[in-house]
1. So which residues in the stretch 136-153 are open to solvent by 40 Å² or more (accessible area, probe 1.4 Å) and not hydrophobic (A, V, I, L, M, F, W, C), if there are any at all?
2. Exactly one condition in (1) buried (at least 24 other Cβ atoms within 10 Å of the Cβ); (2) more than 14 Å from the ligand (Cβ to nearest atom); (3) under 26 Å from GLY87 (Cβ atoms) is not met by LEU261; state its number.
3. Among (1) farther than 22 Å from HIS202 by Cβ; (2) at pLDDT 95 or above; (3) within 16 Å of the ligand (Cβ to nearest atom), which single condition is ASP155 missing?
4. Of the numbered conditions (1) in contact with a strand residue (DSSP E or B) (Cβ under 6 Å, 6 or more places away or on another chain); (2) outside any loop (DSSP other than H, G, I, E, B), TYR198 fails exactly one; give the number of that condition.
5. Please verify whether the stretch 18-37 includes one or more residues that are open to solvent by 50 Å² or more (accessible area, probe 1.4 Å), under 17 Å from the mean Cα position of the chain (by Cα) and within 15 Å of LEU108 (Cα to Cα).
6. Right, THR8: surrounded by fewer than 23 Cβ atoms within 10 Å (Cβ to Cβ), over 15 Å from GLU216 (Cα atoms) and more than 18 Å from the chain's Cα centre (by Cα) or not?
7. Name the single residue that is least open to solvent (accessible area, probe 1.4 Å) among those in the stretch 158-191 being within 16 Å of the ligand (Cβ to nearest atom) and either modelled with pLDDT under 95 or of a type in the set (Ser, Thr, Tyr) (or both).
8. Yes or no: the stretch 206-223 includes at least one residue that is acidic (Asp, Glu) and either touching a Gly at 6+ places or on another chain (Cβ under 6 Å) or over 19 Å from GLY80 (Cβ atoms) (or both).
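The values are calculated or read from the model by the stated rules, or taken from the named source; none is laboratory data. These figures come from a predicted structure and were not determined experimentally. With ideal geometry, Cβ positions are generated from the backbone for all residues, glycine too; neighbour counts draw on all protein chains shown. Accessible surface is based on the protein model in full, side chains and every heavy atom, while ligands, DNA and RNA are left aside. Shrake-Rupley method; radii C 1.70, N 1.55, O 1.52, S 1.80 Å.
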Amino acid sequence: MQLFDKITETTNFIKGQLGNMPTIGIILGSGLGSLADSLEVEKEIPYHEIPHFPASTVAGHKGMLSFGKFGGKIVVVMRGRFHYYEGYNMQEVTFPIRVMKQLGVETLIVSNAAGGMNPSYKIGDIMLINDHINLFPEHPLRGPADSRLGVRFPDMSEPYTENLLRLARESASQHNIPVHEGVYIGIQGPTFETRAEYRWLHIIGGDAVGMSTVPEVIVAIHSGMNVLAASIITDLGIQEIAVEVNHNEVLEAANKAAPKLATIFTSVIKSL
Ligand code: HPA
């Protein structure tokens, strides 16, 4: 079955269970589940019930699509995402974005937990992503081109929509939430970086590094969406202070900073 037909099948399955279709999609990263606390839920569908959806496996990820109202708008929230390191191919990792598009989503809002390489960053800081470097070994658009999904050679000069960045910046300053803006590097994981890798990632232009987001953003841009993305800095890979990283620390730091990010996302969504 062609990708487009799978997307259509999945979209029809979801449409059959929904009243209102979402125009905004939100992906909640590790430890950021509480962002959905202020969602007025209309419908929740576990991933394993959705045709062609893989099942999420990582601790800290719930594994369902929640539909409802957030900041007065109809949204679809991915509670937990599919990571390349789990063994999914890039078409599987990005499949939910394709489905969101067919449901009518125009704006994608993405969050993740990331390691900070910029020496001015501290644990718990928020970084609005203003650009990325794709270091994943497989590209989500590799394969036959289907013009129903997007063009063969998509432009990537502004993957993070300037207007959404401006709204996020303004909202952060209104609420006295300090934010950085920087470059996110997407790597496959699942190992955290060696000190030499963190150093190298900073030298090539990265401010933060993580194991997600870039594939989803590429597909969102390919399908014509606007994108806002933010990282919570959950550990630091700055050379002199490089310390051990573990998944629990990442979750804890993300949990703590989640309310700040929720405030920013909520006010951006309200103003859309
Ligand atoms: N590296 C890669 N992925 C991550 C990190 C990190 O330091 N922290 C959270 N996700």
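1. PRO137, GLU138, HIS139, ARG142, PRO144, SER147, ARG148, ARG152
2. The number of the failed condition is (3).
3. The single condition ASP155 does not satisfy is (3).
4. Result: TYR198 fails condition (1) only.
5. So far as the stretch 18-37 goes, yes, one or more of its residues are open to solvent by 50 Å² or more (accessible area, probe 1.4 Å), under 17 Å from the mean Cα position of the chain (by Cα) and within 15 Å of LEU108 (Cα to Cα).
6. yes
7. TYR184
8. yes
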